[in-house]
Amino acid sequence: MNQPEPQGIQFSTLMSDIDKGLIKIPQFQRDFIWTKEKSAKLIDSILKGYPIGTFILWKTKEALRTIKNLGKINLPATPHGEFIQYVLDGQQRLTTLYCCIKGLVIQRNGVSDDFSELYVDLLAEEDEDILIIDISEKEPSNIIKLCDLMNKGIKYFANNYEKHYEKIDRYKTRLQSYSFSIVLIRDAPIDVATEIFTRINVTGQPLSVFEIMVAKTFDPKKKFDLAEKFDELIERLEIVDYETISNATILQTVSVLLVKECSKKHILKLDKDKFINIWEKAIDAIEQSVEYFRNYYRIPVSKLLPYNAMLIPFSYFFFKHKNRPIGRKQKYLEDFFWRTSLTSRYSSSLESRVAQDIKRIDKILSDKLPKYDYSVDISPEFIETNGWFSASAAYIKAILCLLAHHEPKSFVDNSIVRLSNDWLKQANSKNYHHFFPKSYLKTNGEDYRYINHIANITLVDDFLNKNVIRAKSPAQYMKSFKDKNPDLAESMQSHLIDIDSFGIWENDYDTFFRKRINAFSKELKKRIIIQSIDRKSSIRE
């Protein structure tokens, strides 16, 4: 990369280069937010010859997603083969200049701002405001619109402003010849250019990797717009209740498919053409993974996934393996899913751990059981110790996935419980029910860490009227359901609860707590391939 070059550029050249498509504002810049009042101050400073700060431009032939129009003016495309100068610092000032000189009408938040309504006060002294907005006390013959001053010709001035002709000519010349300070950065890669932008933009939000990649991968010839492609994917995932998958996870998935790594550094270095070319196959692998989660693991909504990032290794598997796994591959993949979830593996060092796990997926693809350098504990003791109920904890989500796999039935009529991403965001969700009501257990002096435990949580739909249950004992409220639902025993089995042996009719929470944890441990044992590194599970009676 060449060293940044301080340069000067005249006002007229700057505006002309925008009109020619040689200067562009990348799409990752924020929207134009300056008011007419603030814009008037900027132009007034230029008319008086004051400095207004430096523009930083990045000169490159790399095509980014850019702002396409201002007001009703469509900004032209850059001529083929020409360098583009992207504005890294000075977007608001540059947009102000363009809007004011062109007299554009900008729509923002349902309100129109007419930038043609900026006026030069032809009677103002140099120490007064030359550019004004309020003309209520001005004679029309003593003011001229800024856009008219810059765009009209001699004949217009002579016919309408004969006595002010010399001042109009002086102001127009000042603007056209004003020299802006710029720093030109040549031939920098996009990650360097966006790092410069991020450091300059200290008062704003730092750019996300997704925003940078939206700009980098934009290709009008191939009709590829990453932002639009991602929105289309989320619309499809919303149909199957998996719309909470993040754009970061999608980028990490594509990166893993291309280079088996998913750090920010690796994503930003991805080849644009390779990214575009693999996109459809990547999305197909992601959608296959979603269907596998929904149908084989029976995880009905994305909010139950222990991690968004679970999609990454599974999408890699389905990218390499076009069909659903059977036999050993199926068992090894299931072991991987539960092992990763129950150990909260992706809670830290995500990128490096995903890279390690891709090697394990390669083993599974070769029909080999991966080796793990970390253990999983599915013992009742571990579940008891780590079972504090938090809707956002990966370990708890894993147990909830275990419950969801059994397709829990309604206490009321044995119908399937329908879960919702909207409801599963917090611990007081309509889908979460403390089987032994919190108020009942508190009244009986139970320790709160045992009350608010995953062993006491069932997945229900909002039809279950919790207001009726309130602080009633399980024996009392379950009797009312038993009278209505002849299949109640079957319903409860779907919640991993045996209605007759779990101490429910005796209101025995200790028995219920112990037996339900044992039930969780037994179910997990079916899903984990115990290796020498793991603690053997023993069921407490």
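Accessible area per residue of region 5-65 at 1.4 Å probe, in Å²?
Value for region 5-65: 44 Å² per residue.
What share of all Cα pairs of region 11-57, in percent, falls into each consecutive 10 Å distance bin?
Here the calculated profile for region 11-57 is 20, 46, 34, 1.
Shape of region 205-354 from its Cα gyration tensor (a ≥ b ≥ c, root eigenvalues): rounded if a/c is under 1.5, otherwise prolate when a/b > b/c, or oblate?
Working: a/c = 1.66, a/b = 1.51, b/c = 1.10.
Judged from the Cα gyration tensor, region 205-354 comes out prolate (a/c at least 1.5, a/b above b/c).
Looking at region 107-203, which GluC sites (Glu not before Pro) are in a loop (DSSP not H, G, I, E or B) and have at most 13 other Cβ atoms within 10 Å?
Answer in residue order: E125, E126, E128, E137.
Would you grab the residues whose amide H sits under 5 Å from the one on I73? Only those 5+ places off in sequence or on another chain, please, with H modelled 1.01 Å from N.
none
Using the Cα centre as the reference, give the magnitude of the dipole from point charges on the C-beta atoms of region 100-211 (Lys, Arg: +1; Asp, Glu: -1; all else neutral), rounded to the nearest 20 debye. Can you show the working numbers first?
Working: 13 positive and 20 negative charges, 106 e Å.
So the dipole magnitude of region 100-211 works out to roughly 520 debye.
Which value, in Å², gives the accessible area per residue of region 275-359 when a 1.4 Å probe is used on the protein heavy atoms? Working shown, then result.
Numbers: 3090 Å² over 85 residues.
For region 275-359, the per-residue accessible area is 36 Å².
Out of all DSSP beta bridges in the chain, what portion is antiparallel? Express it as a percent rounded to 5.
The antiparallel proportion sits near 75 percent.
I need the calculated FRET efficiency for the pair D191 and T54, taking r as the beta carbon distance and R₀ as 22 Å, to the nearest 0.05.
Computed FRET efficiency for D191 and T54 comes out at 0.45.
Report the FRET efficiency, 1/(1 + (r/R0)^6), for Q330 and T511, where r is their Cβ-Cβ distance and R0 is 35 Å, rounded to 0.05. Could the numbers behind the result be given before it?
Working: r = 36 Å, r/R0 = 1.02.
The pair Q330/T511 has a calculated efficiency of 0.45.
Pop out the ³J(HN,Hα) list for region 157-169 in order, Karplus 6.51 cos²θ - 1.76 cosθ + 1.60 with θ = phi - 60°, rounded to Hz; leave Gly and Pro as x.
Along region 157-169, the couplings run 5, 5, 6, 10, 9, 4, 6, 10, 4, 5, 5, 4, 5 Hz.
Could you name the aspartates and glutamates whose alpha carbon sits less than 13 Å from that of K329, not counting residues in the same chain fewer than 8 places away?
Once the sequence-local aspartates and glutamates are set aside, what remains near K329 is D362, D367.
Please compute the Cα-Cα pair-distance distribution of region 1-143 with 10 Å bins starting at 0, giving whole percents from short to long.
10, 38, 33, 15, 4, 0
Taking H placed 1.01 Å from N in the peptide plane, check which residues at least 5 places from K24 or on another chain put their amide H under 5 Å from its amide H.
Those lying under 5 Å, H to H, from K24 are Q85, Y86, V87.
For region 175-290, what mean projected area does the convex hull of the alpha carbons give, in nm²?
10.3
Helix 394-405 versus the longest principal axis of the chain: what angle, 0 to 90°, nearest 10, using Cα atoms?
Long axis of 394-405 versus the principal axis of the chain: about 60 degrees.
Under 5 Å between amide H atoms, partner at least 5 residues away or on a different chain: which partners does H321 have, H built in plane at 1.01 Å?
none
With θ taken as phi - 60° and the coefficients 6.51, -1.76 and 1.60, list the Karplus ³J(HN,Hα) couplings across region 228-243 in order, rounded to whole Hz; mark glycine and proline as x.
In residue order, the calculated couplings are 5, 4, 5, 4, 5, 4, 5, 4, 6, 5, 4, 4, 10, 6, 10, 7 Hz.
For the Cα atoms of the chain, what angle does the longest principal axis make with the long axis of helix 272-295, in degrees from 0 to 90, nearest 10?
Value to nearest ten degrees: 30.
In the chain, carbon and sulfur make up what percent of the accessible area (probe 1.4 Å)?
Numbers: 11950 of 25350 Å².
Carbon and sulfur together cover 47 percent of it.
What would the Debye formula give as log10 I(q)/I(0) at q = 0.23 Å⁻¹ for the alpha-carbon point model of region 71-126, no solvent?
The Cα Debye sum returns log10 ratios of -1.04.
If you line up the Cα atoms of region 440-535 on their principal axes, what length do they span on each, largest first, in Å?
49, 33, 25
Counting only heavy atoms of protein chains, what accessible area per residue, in Å², does region 86-189 have with a probe of 1.4 Å?
49
Going out from 0 in 10 Å bins, what whole percent of all Cα-Cα distances in region 277-334 drops into each bin?
23, 57, 20, 1
I need the phi-derived Karplus couplings for region 304-319: 6.51 cos²θ - 1.76 cosθ + 1.60, θ = phi - 60°, integer Hz, Gly and Pro marked x.
With the stated coefficients, region 304-319 comes to 7, 4, x, 8, 3, 5, 4, 5, 5, x, 5, 5, 4, 4, 6, 5 Hz.
Calculate the dipole size of region 1-138 relative to its Cα centre from +1 charges on Lys and Arg beta carbons and -1 charges on Asp and Glu beta carbons; express the result in debye to the nearest 20. Could the numbers behind the result be given before it?
Values: 16 positive and 20 negative charges, 193 e Å.
My answer is approximately 920 debye.
Using DSSP to define loop residues, name the trypsin sites (Lys or Arg not before Pro) in region 214-318 whose beta-carbon has at most 15 other beta-carbon atoms within 10 Å.
In loop regions of region 214-318 (DSSP not H, G, I, E or B), the sparsely surrounded trypsin sites (Lys or Arg not before Pro) are K221, K222, K223, K260, K269, R298.
Charges only on Cβ, +1 for Lys and Arg, -1 for Asp and Glu: so what's the dipole of the chain about the Cα centre, in debye to the nearest 20?
1940
Within region 98-160, report the trypsin sites (Lys or Arg not before Pro) that DSSP leaves as loop and that have at most 15 other Cβ atoms within 10 Å. Display every interim value, and only then the final one.
Working: sites: K102, R108, K138, K145, K152, K155; in loops: K138, K152.
Taking region 98-160 and a limit of 15 other Cβ atoms within 10 Å, the loop trypsin sites (Lys or Arg not before Pro) found are K138.
Helix-only estimate, please: 222 nm mean residue ellipticity of the chain, summing -39500 (n - 2.57) across DSSP H runs of length 4 or more and dividing by its residues, to the nearest 500.
Computed ellipticity for the chain at 222 nm equals -13500 deg cm²/dmol.
Can you give the direction-averaged projected area of the convex hull of the alpha-carbon atoms in region 343-434, in nm²?
If I average the Cα hull's projected area over directions, I get 8.5 nm².
Is the C-alpha gyration tensor of region 480-520 telling us rounded, prolate or oblate? Criteria: a/c under 1.5 is rounded; beyond that, a/b larger than b/c is prolate, otherwise oblate.
Numbers: a/c = 3.37, a/b = 1.50, b/c = 2.24.
Oblate, because a/c is 1.5 or more while a/b does not exceed b/c.
Around T78, under 15 Å between beta carbons, what's the net of Lys plus Arg minus Asp minus Glu among the other residues?
+2
Per the Debye formula with a single identical scatterer at each Cα and no solvent contribution, what log10 I(q)/I(0) holds for region 102-187 at q = 0.13, 0.25, 0.26 Å⁻¹?
Cα-only, vacuum Debye calculation for region 102-187: -0.52, -1.31, -1.36.
Between rounded, prolate and oblate, where does region 248-292 land on the alpha carbon gyration tensor, with a ≥ b ≥ c its root eigenvalues, rounded for a/c under 1.5, else prolate if a/b exceeds b/c?
Taking the square roots of the gyration eigenvalues as a ≥ b ≥ c, region 248-292 is oblate.
Specify the angular offset, from 0 to 90 degrees and rounded to the nearest 10, of the alpha carbon long axis of helix 474-484 from the longest principal axis of the alpha carbons in the chain.
90
For E381 paired with T13, estimate the spin-label separation in nm (one decimal), with each label point 7 Å from Cα along the Cα-to-Cβ line.
It works out to 7.8 nm between the two label points.
Roughly speaking, what is the stretch gain from N151 to E228, that is 0.36 nm per residue apart minus the C-alpha to C-alpha distance, in nm to one decimal?
Full-extension gain reported as 24.0 nm.
Over 32 Å between C-alpha atoms is what I'm after, so list which of K102/K138; K36/K272; K38/K223; K281/K409; K229/K320 land there. Mind showing how you got there, number by number?
On the way: K102/K138 23 Å; K36/K272 39 Å; K38/K223 38 Å; K281/K409 37 Å; K229/K320 22 Å.
The answer is K36/K272; K38/K223; K281/K409.
Taking the mean number of other Cβ atoms within 10 Å as a proxy for protection, how do you rank 511-520, 438-447 from highest to lowest? Display every interim value, and only then the final one.
Values: 511-520: 20.6, 438-447: 13.9.
Top to bottom by mean Cβ count within 10 Å: 511-520, 438-447.
Report, ordered by chain and residue number, the aspartates and glutamates lying within cross-link reach of K526, taken as a straight Cα distance under 12 Å and ignoring same-chain residues fewer than 8 apart.
E334, D335
Quick one: plug the Kirkwood hydrodynamic radius of the chain (C-alpha pairs) into Stokes-Einstein at 4 °C, 1.567 mPa s, and report D in µm²/s. Display every interim value, and only then the final one.
Working: Rh = 28.2 Å.
Diffusion coefficient, whole number: 46 µm²/s.
With Kirkwood's inverse mean 1/r over C-alpha pairs for Rh, give me the Rg to Rh ratio of region 313-379, two decimals please. Show your work: numbers first, answer last.
Values: Rg = 11.8 Å, Rh = 12.4 Å.
That ratio equals 0.95.
The values are calculated or read from the model by the stated rules, or taken from the named source; none is laboratory data. Keep in mind the model is a prediction, meaning the values are calculated, not measured. Cβ: placed from backbone, ideal geometry, glycine included. Neighbour counts: every protein chain shown. Remember, those area values only see protein heavy atoms, side chains included, never the ligands or the DNA or RNA. Shrake-Rupley method; radii C 1.70, N 1.55, O 1.52, S 1.80 Å.
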